[in-house]
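Colleague: After the structure tokens below, expect a handful of questions from me.
The values are calculated or read from the model by the stated rules, or taken from the named source; none is laboratory data. Keep in mind the model is a prediction, meaning the values are calculated, not measured. Cβ coordinates were reconstructed from backbone atoms using ideal geometry, including for glycine residues, and neighbour counts include every protein chain displayed. The area values use the complete protein model at the heavy-atom level, side chains included, leaving out ligands, DNA and RNA. Shrake-Rupley method; radii C 1.70, N 1.55, O 1.52, S 1.80 Å.
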Amino acid sequence: MPRFNISEILEATEGRVLGTKRIDEFCGISIDSRTIRKGELFVALRGDNFDGHDFVKEVLLKGASGAVISKGFNPDIPEDFVLISVKDTLAALKDIASFHRSKFDIPLIGVTGSNGKTTTKEMIYEVLSSRHRALKTRLNNNNQIGISLAMLNLDSSFDVAIAELGINHYGEMEVLRKICHPSVAVFTNIGCSHLEFFDTPRNVLKAKMDLIDCFGDKDVIVINADDNLLKEEFIERRREIKTVSFGMKENADFKAMVTTLDNDGIYFEINGVKFFIPVLGLQNIYNALAAAAVGSLFGVTLEESSASLKAFKLPPMRTNVLKVNNFTLIDDTYNSNPDSVRFAIDTLNNFKSEGRKIFVCGDMLELGNNSEFLHSGLGALIARSKVDILLTVGRHAEKIYQRVLESKAPLEIIRHFTALSEVSCFLNDTLRAGDVILIKGSRSMHMEEIVKALSQFRKLAVSPLE
């Protein structure tokens, strides 16, 4: 585990020690008073609904050696507990993380895009781990705090690091880049995400381009050649930075060809090498392609990548296939945008089932002025799909419901609800043996509550489908 010298912390933060007591180093850095360990330094962050300064005395009692605090905070504490005063504790956390990261000449892969970031990051980790000791960001902790905490775990035992980088405002990518100092940039795709803040997909790409602002001839960009905006930006403009491409439609350095789609996973080939991933959704082939492409940069062969991904498990709430009594549930409730909903509909279309195909769709958020148009457009797509039952919930998703009704598509049931509990009760009364149900919606819609409710109604714990 890395240790943190107090003189380096003071240099990174331009902070000052209150009082006269000094120690040489801390055994770690934490922002969570619940998990603080003896000898660690606590950074007292402030949020909308909490203030870390309220827990300084608590971490002292738990054995922490010091705390980073904002100016003006001066609690009554023992002299042997170090207080480091800074202007802004979040800025200090980022500065410490960046300083610590810069001490290690370890390549870092930054993964960004509108969809598939977490799954791609996890696949890259699996591939690289076949030859290297790799560090990765936890789950979807892809913001300034999450990236900072990941960098603080770096030490000389690691060969490579992988960071998922998520943004929803201009300027955020520059901040993340300065924290983690990437040398490989992976762009999964550019779509209609966070349009409330970026307005157009082209502006999404513009904001993400800050990731490669400092790239030189030793750095590498890995891109989805089937994405029109990425193709235009990185292939047609022929940038001087080394670019590695992947895709299924276009000529690419790593090209996949699908051989079989089954309920147990996807069989495909990359440059003639056979792959199998035990997950649903053609979009996951792109994630596997990106992982194989990155692996090649670090000496991992396609055969080794194939072996690494055979038992890959998707992160929670991302197209996870579950069995509940006598029906199949596809939990895709982590988040939602127009592109990921299209992927979900395609997944449901391709799923082999003796029963009906049921799509439960909640609001897609952060779409700004494009919301009504994009929700309505998905309604038109659903009307042409193999969906038998459509259930929508939320103010924006009602546009999907209305568009399907207007299309006079021959669905068995089309219903709109205003509450998740109403959807759960309706499903409990409606589901038949053999039905397959896919649930999708933006994170703040909490669509996973429907998954929990169905398992409780049926009095059977939800379990992975073998």
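Colleague: Within segment 122-181, can you find the residues that are touching a residue at least 60 places away in the same chain (Cβ under 8 Å), within 30 Å of Phe198 (Cα to Cα) and of a type in the set (Lys, Arg)?
Modeller: Those that are touching a residue at least 60 places away in the same chain (Cβ under 8 Å), within 30 Å of Phe198 (Cα to Cα) and of a type in the set (Lys, Arg): Arg177, Lys178.
Colleague: Return yes or no: is Phe42 out of contact with any strand residue (DSSP E or B) (no Cβ under 8 Å at 6 or more places or on another chain) and at pLDDT 90 or above?
Modeller: When the stated conditions are applied, Phe42 does not pass them.
Colleague: Additional query: Taking segment 237-254 as the search range and keeping residues that are within 18 Å of Val184 (Cα to Cα) and basic (Lys, Arg), which one is least open to solvent (accessible area, probe 1.4 Å)?
Modeller: This residue is Arg239.
Colleague: Going through segment 3-24 one residue at a time, which ones are open to solvent by less than 30 Å² (accessible area, probe 1.4 Å) and in contact with a Phe, Trp or Tyr (Cβ under 9 Å, 6 or more places away or on another chain)?
Modeller: Those that are open to solvent by less than 30 Å² (accessible area, probe 1.4 Å) and in contact with a Phe, Trp or Tyr (Cβ under 9 Å, 6 or more places away or on another chain): Phe4, Ile6, Ile9, Ala12, Thr13.
Colleague: Ok, one more. Just need a number here: residues in segment 16-49 that are within 12 Å of Val68 (Cβ to Cβ) and among the polar types (S, T, N, Q).
Modeller: Qualifying residue count for the region: 1.
Colleague: If you go through segment 342-396, how many residues are among the polar types (S, T, N, Q), open to solvent by 20 Å² or more (accessible area, probe 1.4 Å) and over 21 Å from Thr418 (Cα atoms)?
Modeller: Count: 6.
Colleague: Follow-up. Between a first residue in segment 261-272 that is among the hydrophobic types (A, V, I, L, M, F, W, C) and a second residue that is open to solvent by 50 Å² or more (accessible area, probe 1.4 Å) and not in a loop (DSSP other than H, G, I, E, B), which pairs have beta carbons less than 6 Å apart while being 6 or more apart in sequence or on different chains?
Modeller: Note: pairs meeting the criteria are Leu261/Asn350; Phe268/Val258; Phe268/Thr259.
Colleague: Please give the helices (runs of 4 or more DSSP H) falling wholly within segment 156-236 in which 3 or more residues are open to solvent by less than 30 Å² (accessible area, probe 1.4 Å).
Modeller: So the answer is 172-180, 201-208.
Colleague: Right, another one. If a residue has to be touching a Phe, Trp or Tyr at 6+ places or on another chain (Cβ under 8 Å) and either at pLDDT below 95 or open to solvent by 10 Å² or more (accessible area, probe 1.4 Å) (or both) to count, how many in segment 426-439 make the cut?
Modeller: 6
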